[in-house]
Amino acid sequence: VDLPAILDKVPAALRDTVCHVLASLRANPRAIDTAAPRRAMEQSLLDAFKQANKLKQIKIVEGYKPDLGTHVFFGASFFLHRNHARTIHHYKRAIKLSEKEKAEEKTLPIDAWRVVVRGLGLSYEMTGKYETAKKVFAFGIRRDPEYCVFHYDLACALAELNDYEGALSELKKA
């Protein structure tokens, strides 16, 4: 299912509900008939939401807050579809929730955390926000200094900012 295309067609008042339902569908992918053509799936899903909303079968929960896994899932989906603004939104929230839940030991596994931080930094780079990307990769290095990919990504951001000495230094660390 083309997630960004679906969310772009959904009225703003229903977006959180659609996000929540789609996130729960990832646990049960057979809930959508994958043999159907993509457009038909999208349209039937939209029609189901519209019909369910009319029948009051779906309640829009005031103050609904997606959990950490939901933000990671949607961040990755939007990243794959090159929708960097929405990737940034979800990955920033995932990092914030991960930090908040760290005390409760419900944080992301290290590999997932690396994907989120890197995806956030790369999304900033793709939108031309190199200074912010530099900060994200530096944050990743502070938390995980042995992960060479953060050093490489920081080098790329520094090169975009014309800091070639800093870029070369990070490449040596990578």
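The values are calculated or read from the model by the stated rules, or taken from the named source; none is laboratory data. What you are looking at is a predicted structure, and each value in this text was computed from that prediction instead of being measured. Cβ sites come from the backbone with ideal geometry, for glycine too, and all protein chains shown count toward neighbours. Keep in mind that these areas ignore ligands, DNA and RNA; they rest on the heavy atoms of the full protein, side chains included. Shrake-Rupley method; radii C 1.70, N 1.55, O 1.52, S 1.80 Å.
Things worth noting here:
- Counting only protein chain heavy atoms and rolling a 1.4 Å probe, the accessible areas of LYS65, LYS135 rank, largest first, as LYS65, LYS135.
- Residue-count net charge about ASP111 - beta-carbon cut-off 13 Å; Lys, Arg +1, Asp, Glu -1: +1
- Sites TYR164 and THR107 - FRET efficiency at Förster radius 25 Å, r taken between beta-carbons, to 0.05: 0.10
- The residues of segment 88-174 have, on average, 59 Å² of accessible surface per residue, using a 1.4 Å probe with all protein chains present.
- A probe of 1.4 angstrom, applied to the heavy atoms of all protein chains, finds LEU80 with accessible area near 140 square angstrom.
- Under the Karplus curve 6.51 cos²θ - 1.76 cosθ + 1.60, θ = phi - 60°, whole-Hz ³J(HN,Hα) for segment 160-165, x wherever Gly or Pro sits: 5, 8, 6, 9, 6, 5
- Accessible area of ARG93 (1.4 Å probe, protein heavy atoms only, ligands and nucleic acids ignored): about 120 Å².
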